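Let me begin by presenting the structure, written as structure tokens, before commenting on it.
The values are calculated or read from the model by the stated rules, or taken from the named source; none is laboratory data. What you see is a predicted model; the values in this text were computed from it and never measured. Cβ: placed from backbone, ideal geometry, glycine included. Neighbour counts: every protein chain shown. Protein only, heavy atoms only, side chains kept; ligands, DNA and RNA dropped before computing areas. Shrake-Rupley method; radii C 1.70, N 1.55, O 1.52, S 1.80 Å.
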Amino acid sequence: MKTYFIQTFGCSMNQADSEKIHMLFLQSWLKRVQKWQDADLVIFNTCSVRQKWEDRVFWMIQEIHKHNVKNSQNIICGLTWCMVRKTWLAQKYLPQETKREAAKKIEYIDSENAIFNNDDRLFPRSNNKLDFTVRIEEIKYITHILSHITGNKIGNDDKFDDYLKSRQLRENPASAQVIIQSGCDNYCSFCIVPYTRWAEISRKCEEIVQECREAAQNWAKEITLIWQNVNSYGKQFVDKKMWNKEKSSWNNYEWQSPFRKLLNDIDLIEWIDRIRFTSSNPHDMTQDILDAHIDLRHTCNYLHFALQSGSDAMLKKMNRKHSYSDFLEKVRYLRKKDPLFSISTDIIVWFSWETEEMFQETVRAFQECEFDFCFTARYSVRKDTLAAKIYPDDIPDEVKAQRWHTLNDQLLENITKRNTLMLGRKEDVLIAWVKDDYFFWRTRNFKEVFFERNTKNKIWDIVAVEITDLDRYVLHGKTV
Ligand code: SF4
């Protein structure tokens, strides 16, 4: 086995996890290729938020199988992240005498006491064309699995024994994403993450700061701290009673959360220009974290703040722990401090039993909060979640389509209004990407700006750009 290809689906967490796998494979002397047809190994880093992405994975596995048959190749297929509950190996790699149906837990793979488990539904769903599955937290097993499948020693397992400590090969060195937690304890009723990533664990503060320092030494100008609920960072380090007491009132002037302390420490690193974080949940958002956007030198005037619905009744069904009025109060607090403060959000439309009245409450939330961007997910049932067990997916397709359009029309109206405020302004834009004849990346308030490529500037530069034009979701400008 010499070459590999990773197909990543989903959010920035998945992107960062793929970077970990890239680093692991680089250290194992595997070479990355740009087309799956050229690879000996294909890894699907999956997302379960949408059914169509799951279907796409199984379609691709069948395509790879057809390609293998036609070209007498043997491309190995592995699957990780959201769709995976356990680390398993396909039956065909197990000893003949193993009386199991499709797969075996990898734990103690070489041991005589190997754990025998029931087969994972992912193997039959792929018509048994899948070779292995691996929970991303068990990243240390990947090279172990590959060694077992190929019969050759691949990599050095000792180096990769901890998910949170394993390094990323950064795709975009100007803008580094640093993982600060794993797992999630929130159990929103529609979400599969707590079942796939298990309990929330926070990395040690010193480890995170050190990783940020190293990223800065490697020229990163922007650091984004990422996980599912970054503002609950460090709750394991604080007495539970104290945590609940301090969180009972969001605008407690005395309280300094572990996440704020982490931000303070990262802010001391020279060379970093921008600190961002995503994703934040309203129920864990306290004033010290909101104030960090304004008070610290390097934090930016942008927040991704997951609302999910503007209806309190719907939020309750979703097992979210905030109300719309709590959310709005925090949005207003930020915009009062800085009218150009950008806020993006996540919304699930047509969750079970969403009445027209509930939906209209979300539309009203869009109008009141004037979001700068929104990731709108169409609800689809995720097996094993609480919602799949107790709520039917009962909204007719034509109603879904109509609500989708209404919300997107409203979003475009908001974006146009908010982006118009940027016209004529001179903004510092970090160049992180080049596309054809354009440089592009973000202003401090996370607006995407394209401007003409030139020979004077390069990736990593922060340049003054005058915003001249808007084109739906993005801005255009010229250097000044
Ligand atoms: S906070 Fe809710 S939506 Fe986000 S990962 Fe956790 S359970 Fe899922």
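Numbers for the structure displayed
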| quantity | calculated |
| --- | --- |
| Ranked order, 391, 379 - accessible area, probe 1.4 Å, largest first | 391, 379 |
| Nearest 10 degrees, 0 to 90: helix 356-369 Cα axis against the chain principal axis | 60 |
| Protection-proxy order for peptides 76-85, 431-440, each taking the mean of Cβ atoms within 10 Å per residue, highest first | 76-85, 431-440 |
| Relative pair counts by distance (%), Cα atoms of the range 426-479, 5 Å bins | 5, 24, 39, 25, 7, 1 |
| Residue-averaged 222 nm ellipticity for the chain, from DSSP H runs of 4+ at -39500 (n - 2.57), nearest 500 | -10000 deg cm²/dmol |
| Estimated translational D of the range 206-317 in µm²/s (Stokes, Kirkwood radius over Cα pairs; 4 °C; 1.567 mPa s) | 86 |
| Residues with amide H under 5 Å from that of residue 433, placed H, sequence gap 5 or more | 440 |
| Solvent-accessible area per residue, Å², over the range 383-468 with all protein chains present [probe radius 1.4 Å] | 56 |
| Accessible area of residue 398 in the full protein assembly, 1.4 Å probe (Å², nearest 10) | 130 |
| Bridge type composition, the range 175-420 - antiparallel percent by DSSP, nearest 5 | 10 |
| Relative contact order of the range 408-458, pairs being alpha-carbon contacts under 8 Å that are 6 or more residues apart, as % | 23 |
| Solvent-accessible surface (1.4 angstrom probe) belonging to residue 470, in square angstrom, nearest 10 | 50 |
| Centroid-to-centroid separation of the range 41-85 and the range 240-314 [C-alpha atoms, Å] | 38 |
| Per residue accessible area in Å² of the range 3-96, where ligands, DNA and RNA are left out and the probe is 1.4 Å | 43 |
| Per residue solvent-accessible surface (Å²) - the range 193-236, probe of 1.4 Å | 37 |
| Percent RCO, i.e. relative contact order, over the chain, from Cα pairs under 8 Å lying at least 6 residues apart | 10 |
| Residue 237 accessible area, assembled protein chains, probe 1.4 Å, Å² | 120 |
| Kirkwood Rh, Cα atoms: Rg over Rh of the range 175-420 | 0.97 |
| Sulfur and carbon atoms: percent of accessible area, the chain [1.4 Å] | 50 |
| Nearest-20 debye value, the chain charge dipole, Cβ charges on Lys, Arg, Asp, Glu | 620 |
| For the chain, convex hull of alpha carbons as volume per residue, Å³ | 168 |
| Between helix 324-337 and the chain: long-axis angle, C-alpha atoms, 0 to 90°, nearest 10 | 60 |
| Order by protection proxy (mean Cβ within 10 Å, highest first), peptides 178-189, 280-291 | 280-291, 178-189 |
| Accessible-area ranking of 278, 345, 420, largest first, probe 1.4 Å | 420, 278, 345 |
| Across 20/221; 52/129; 35/478; 86/383; 435/478; 247/337, pairs whose alpha-carbon gap is larger than 24 Å | 35/478 |
| Heavy-atom accessible area ranking, 1.4 Å probe, most first, across 248, 344 | 248, 344 |
